[in-house]
Every structure is written in structure tokens, then in C-alpha cells.
1. Go through the range 42-76 and give me each residue that's touching a residue at least 24 places away in the same chain (Cβ under 8 Å) and of a type in the set (Ser, Thr, Tyr).
Amino acid sequence: MNKGELVAEVSKKAGLTKKDAACAVDAILDTIKKNVKKSVTLVGFGTFKVVRRKARTGVNPRTGEKIKIPAKNVVKFKAGKGF
């Protein structure tokens, strides 16, 4: 499912126009993006949080050459029991 299909489903289930549903979906996604640094928990759905991924050594699949992959922050999702 892509964003357009999600907007269509929200529109149909909530009885909204597609424009209003798109605004609602965008607002929800923007709110999650802005607050994920702290951790966003949606009871019955799951939790979004930022975790630190350690630096590691990888392999270039084309050349077989070893490369260093730097440490970085990534967003992790853990599904809730209701999901």
C-alpha cells in the first residue's frame, strides 16, 4: 500500500473527502517525524523510536572490497500487541 492508497482508505472509512483525508494523513506523519526523537507510542499499534546503529565493516557486493559503514541513527518500529 502506498500513500495514495492509504489516503483513499482513510477517506472511505472516515467519510472524508480525499483532500481532507490527505491533510489528516500528512498531519499524522509529520507529527510522528517531529516527535520520534523522544519515542512515539500509539497504543494498540506500536512504538516508533530512534536507536543508534554502531559502525561496522561491510562488503561491496560488486568488488568484494571491505568498506567501513559509519555509525548512524535509525528509526525502529516495534509492533504493539493489538497489531
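1. Within the range 42-76, just THR47 meets the criteria.
Yes/no per residue for (1) surrounded by fewer than 10 Cβ atoms within 10 Å (Cβ to Cβ); (2) modelled with pLDDT of 95 or more:
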residue	(1), (2)
CYS23	no, yes
VAL36	no, no
GLY44	yes, no
THR57	yes, yes
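The values are calculated or read from the model by the stated rules, or taken from the named source; none is laboratory data. No experiment lies behind these values; they were computed from the predicted model shown. We place every Cβ from the backbone using ideal geometry, glycine too, and count neighbours over all the protein chains shown.
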